[in-house]
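Only one structure is covered here, and it is reproduced in the block below.
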Amino acid sequence: MPDLVWFVIRRLLATVLVMLALSLAVYLIFYALPADPARLGCGKPCTPDRLEQARHFMQLDQSTMQQYLQFLKGIVAGRTFGEGAAAVQCNAPCFGYSFPLARPVTTLILSRLPITASIAIGAAVLWLIAGVSLGLGAALRRGRLFDRFAVGFALVGVASPSFLVGLLAILVFGFWLNMVPVNGYVPLTDSPVDWAWHLVLPWVVLAALNAASYIRLTRAQMLEELNLDHITTARAKGAGEGRVVLLHGLRGVLVPIVTIFGLDLGGLLGGAILTEKVFSMQGLGELLISSVGQLDVAVVVGVTLFSAFLVILANLVVDVLHGVLDPRVGHA
Amino acid sequence: MGSEVVSAVSPTRQAFRRVRRDRSARLGAVLVVVLVLIAIAAPLLAKLEGQDPYTYNIGLLDPLRGNAPRGAVGGLSGDHWFGIEPLTGRDLFAIAVLGLRTSLFIAIVVTLVTTVVGTLVGISAAYFGGWYDAVVSRLLDFLFGFPSLLFMIALGIIVPAGFPRWLLLIIVLSVFGWAGLARLIRNQARSLVEREFVEAARSSGSSGWHIVTRELLPNLLGPVLVIATMAVPGIIGAEAGLSFLGVGVPPPTPSLGRSISDSIVWVYTGADPWFLAFPGAMLFLAVLGFTLLGDGVRDAFDVRLRRTH
Amino acid sequence: MPEPRKTPSETPVLEVHDLHVTFRTEGGLVPAVDGIDFAVAPGQTLAIVGESGSGKSVSSAAVMGLLPSNADVKGEVLLDGRELTKLTAEELRKVRGNEVALVFQDALSALNPYYSVGWQVAEAYRLHHDVSKKEANARAVRMLDLVGIPSAAQRARAYPHEFSGGMRQRVVIAMALVNDPKVLIADEPTTALDVTVQAQIIQLLEDVQTEFGTALVLISHDLGVVAEVADDVLVMYAGRAAEQGSVKDIFYRAAHPYSLGLLGAMPRVDVPPKHRLTTIPGSPPSPGSIETGCPFQPRCAYTERVGERCITERPLLTPRPGEGNHEAACHLGRRPEIAQEVARTGIQENAAPEGAPLQQSAAQESAPLEHSAAKAEGPLQPSAEESAL
C-alpha cells in the first residue's frame, strides 16, 4: 500500500516537528528555574570560583538556546560534560545528565521505565479486553440484568479515582483476604510469574476503572451499529448471529475504540504513575516526583520529554492503525 | 402536561424538568447540593463539632499500635465524628469537610476558567474555520492526548517556594484542562455554524460579533453547561490525584487527596483503614455526584458529545 | 405482444398464505401485516405495491425470518413446499441468502463499509458453500463481472464508498445472486438511484432473471417500474391486500379506488371528469387502527356511492373480471357497472399526456418498445379484453 507508506511518512515528519516544538517549549519553561542547579552541585564551601567551574562543567554558562541545541545533539549523538579525566560521557540518546545522582538521565529512565510500562501496558490490554467484551455483552443483553450490572459498574468506575480504588483493593485483597502481594516489583527477567503476580492488583485496579468508559463507549456504539442496514444484510446473507455480531458489528466499533484509545494514552501514563505510588513501586513517577523535590532539573526535563515523546509516538501508531482499520479515512 | 404549557416553556426549562424526572440525575443533584453546602459551611460545621483540623490530640493515640487512634472505627466518638487522624490525632471530620471545601473550590474555579477559555477558543475555531480551525484543532488534539499529569508534577520545580500552591494548582489544572472542553465545544459549534440560520445571518450582513453573541452563544448554552458539568468530576479527581502524589495543596491545609495518600501506610498494615474510609468516601461521593448530574444534564439537553472524529 | 405469462402448469416456488405480522411494543400489539396471500413461480415477477407503512417491507422481512424478536409471525411461508416459519434458526440461516436472497433499497448502507466488495460477495458464497477463500473470491469476481462491474477482478478489492450508487446496487445484486437463489426479493431496489441508473438496474434484474430463472418479488412504489417488469401485482393497503391480479388486471382493469389512486388518477364524482388528480388525499392509517369497515374508507371518494357498508363492513377480496386471479377488496365491486366506469375513467386519465406514472417511466427509461406498445394500447384494449372474459 504505497498510499499508506506516504501517510506514515507524512505523519512521522509532522510528529518530529511536534517533538521539536515541544522540546523547545519545555526547555524554555524549565530553564526559567529559580534555583541554580550549579549552586546545588558545587559543594559545601561554594566559592565563586567553584561555582563558575561547576557552571562550566554543566554547560550552564551557555545561552539557553545553545543549551537546547546541545540537548538535541545529545539525543542524536550523545554529549560529553567537562574535559580530560573528569569528563562525563553521556551516550546517545542522551536526555541530559543528573549531577546530583551522577548518572545519565537516559540510564535513570531506562531503569524505571519497565515498572511504569509493565503497569500501563498490562492494564491497557486488560481494560481493552474487559471493556469491549463487557460493553458488547451489555449491548446484546440490552435492558437485562447483565446490561444493568455493566452500566452500573461503568458508572462507579468512571466516578472512582484510581488511587482510592487501589487502596481499597489493597485493603480487601491484600490485607483482609491476603490473596495477592500488595507492593513491590519483580523484574520480568527475574521471574515472569512473580512479575505478573505482583502486578495483578495494579492491573486489575487500573483496568477496572478505565474499562468503565470503554464499556460505555462499546455499548453505545454497538447498539448503534446493530441498527445499521448492513447488519441486516449480513443476516440476509445467511450469516450466523455470532458472525453478524463479531465480524460485522464489532468491526465497526473498533474504529471509535481505537480513536479513543489514542486520546487516552496520555492519561494511561498518568494513571500508571498514580498506581505506582499506591502500590509503592519505584517507577517513572517516583523518579519524577523525587527529582522535583531535589531540584534536579535535568531529570525533570528528561523524564517529561521522554514520556511526552513516548505518548506522541504511541499516538502515531494509533493514527496509522486508525487509517488501516477504516478504509474511508483517506491517506491522501 | 398540556401542550400549551410545553410551548410556553423554554428548552432550558424543559431540560431542567427532565433532570428532575431522571432518578439518577436527581440523586446526583442532591449529592452535589449537599456537598456544596457542606463545603461552604465547613468552618461552621467544624465549629459546631467543636474541633479544628490543626490541633494535635496525642493523648487519643495508642503508642503500642504505632500511634493509631485508640478505640473502634478510627477513634470515632461524640467529640470526633469521623474519628481522628493516626499519628497526629487531628480531627478527621474537620479535615474531611475542609478538605472537601478545598477540592470543590479548586474544581469550581478551574471549571469556570476552562469553560470560559474553552468556549472562546471552541466558538472562534468553529466560526472562523479554515486554517485557524485546523491549527487550533491540532493543538487541542495534542494537548488533550498529552501526559498532563506528568507535566503538572514537573512544573512544581520551577515555581518559587513563596508562590501559593492552590493558585498553582488552579493554573496547572486550567492550562491542561481547557483543551478537552474546547474540543467538545468546537464540535458543537461547528455543527451549528453549518446550519442554515447562521448562513442566513451571515449572508444578510450581520457582523461576526453579532452572529457569535446572538446566534451561536444562546444556542450553545445547553451544550456548554453539559460539557462544564461533565468536566467537574475529572477536575476533582485530577486535583485529588496531584495532592495524593504530594504536589498539590501543601500541609497543613486539609486536602482529601493528601489524607488518602497519608492513609496508605495505615491501609497496608491494616492498622487504621478508617483513615482511608472517611476522606475516601467524601471524594468518591463528590465525583459520583457530579458524574450523575453531568450524565443527567446531558440526557436532558439531548447533547450528543462526539468524542470520535 | 410476447409477454411472459404465468401458465397454470408452473408451480410456485414461493407461496405465502394468510400471513399476519404483529409487533409487541410497549404500547401494546401493533399489527403490521393483516392476512395476505401471494405466490411467485420461477422466472416470474410479483410486484408488491403500496405506500410506506402498508406492510410490504415487513412482509418480505417476514419471509426471510429477518424481523426483530418482538414480531409475531403467523401464517404459512412455503418455499418449494417447505414451511419456513417452522425452521430452526440454523435451518433458516441456510435458506437466507442461499435459496431466498434480498436486495435492499440503499446499497451504500446495505454494504459493510469496512470490507472490500469482493470480500462481501465472497462471504455470501462461503456462508453456503464449503470452498476455499480463493474459489469464493473467483466466484465473487465472476458475479461482479456478470452484473456489469467493469474490470471486476480489480474493483473487487475496492470498498463500497469507492463506487457510484448504481455500481453499488450492482454489487448488492451480485451478492444476492452469488448463490443462485430460487427467489430474489428486491425491496425498492431503485429508489435511491438516479433515474437513468434506475433503468439500468431494472434491466439488470430482468436480465439475471431470464438467465437464472429466478423468481423475483419486487417491492416498489414506482408503478412505471412495476408495469415494465411485473407479471403479477399485489396492491397493499394498511397491511392488507387491496387488490391483486396480473399486471394487466391492475393497470387496465383496476377495481379498487386505491389502485386507481396509485395509478395517479383517482377520479372523484364531485369534480368535473376532466379534472385530473395526482395524489390521494390524506395518509394511510396504521394497520389495525381501523377496526371496522374498509380501511381505505376515510380517503375514498366512492364512499357516498356505496354508503353505510364502507363504514360498517370490512370488504373481502372478491373475484373481478380479468385474466384469472384478479381480486379486489372493495364494496364497489358488487356493482360491476360502476367498477367498470371507474376503471375506464382511470385509464383515460392515465393516458393523459403527462404526469401519470406510466408516462413518466416511458420518458425516464430508454423506452423499451414492448413497453410503449403496451401503453399505446391502454385506452383501447380494456373493453375488448373484458368482452373476451
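The values are calculated or read from the model by the stated rules, or taken from the named source; none is laboratory data. Owing to the predicted nature of the structure, the values given are computational and were not obtained by experimental measurement. Glycine also receives a Cβ, built like all others from the backbone with ideal geometry; neighbour counts cover every protein chain displayed. Ligands, DNA and RNA are stripped out before the accessible areas are found, and what is left, the full protein with its side chains, is counted by its heavy atoms. Shrake-Rupley method; radii C 1.70, N 1.55, O 1.52, S 1.80 Å.
Side notes on the structure shown:
- Rounded to the nearest 10 degrees, the angle from helix B:23-40 to the longest Cα principal axis of chain B is 60 degrees.
- Taking B:Gln51, B:Gln14, B:Gln188 as the candidate residues, the one with maximal mean-square fluctuation in a Gaussian network model of chain B, Cα springs under 10 Å, is B:Gln14.
- Taking a ≥ b ≥ c as the square roots of the eigenvalues of the Cα gyration tensor, the stretch C:24-102 is oblate, since a/c reaches 1.5 or more and a/b is not larger than b/c.
- Cα-centre dipole for the protein assembly as shown with unit charges at Cβ (Lys and Arg positive, Asp and Glu negative), debye to 20: 2820 debye
- The amide H of C:Phe23, built 1.01 Å from its N in the peptide plane, has C:Val30, C:Ala32, C:Asp72 as neighbours under 5 Å, considering only residues 5 or more places off or on other chains.
- Å³ per residue enclosed by the Cα convex hull of the stretch B:68-150: 124 Å³
- Taking all protein chains as they are arranged and a probe of 1.4 Å, the heavy atoms of C:Glu211 leave approximately 120 Å² accessible to solvent.
- The stretch C:14-230: relative contact order as a whole-number percent, Cα under 8 Å and 6+ apart: 26 percent
- Alpha-carbon centroids, the stretch C:157-190 and the stretch A:217-285: separation in whole Å: 30 Å
- Per-selection Kirkwood Rh - the stretch A:107-325 (Cα, Å, 1 d.p.): 18.9 Å
- The stretch B:51-208: radius of gyration over Cα atoms, expressed as a fraction of 2.2 N^0.38 Å: 1.63
- For the stretch A:133-168 versus the stretch B:194-261, the spacing of their alpha-carbon centroids is 26 Å.
- Placing dummy labels 7 Å off each Cα toward the beta-carbon, the span from B:Arg23 to A:Tyr31 is 6.2 nm.
- Shielding by partners for peptide C:115-125, expressed as the average number of C-beta atoms from other protein chains within 10 Å of each residue's C-beta, is 2.
- Kirkwood hydrodynamic radius of the protein assembly as shown, from inverse mean 1/r over distinct Cα pairs, in Å: 34.2 Å
- Sequence-distant aspartates and glutamates (8 or more away, or on other chains) whose Cα lies within less than 18 Å of C:Lys134: C:Glu123, C:Asp145
- Considering only Cα atoms, the convex hull volume of chain B works out to 172 Å³ per residue.
- Springs join every pair of Cα atoms under 10 Å in this Gaussian network model of chain B, and among B:Gly257, B:Gly162, B:Gly294 the largest mean-square fluctuation is at B:Gly162.
- For the stretch C:63-101 versus the stretch A:53-103, the gap between their alpha-carbon centres in whole angstrom: 77 Å
- Shielding value for C:96-107 is 3, the average number of Cβ atoms from other chains within 10 Å of each residue's Cβ.
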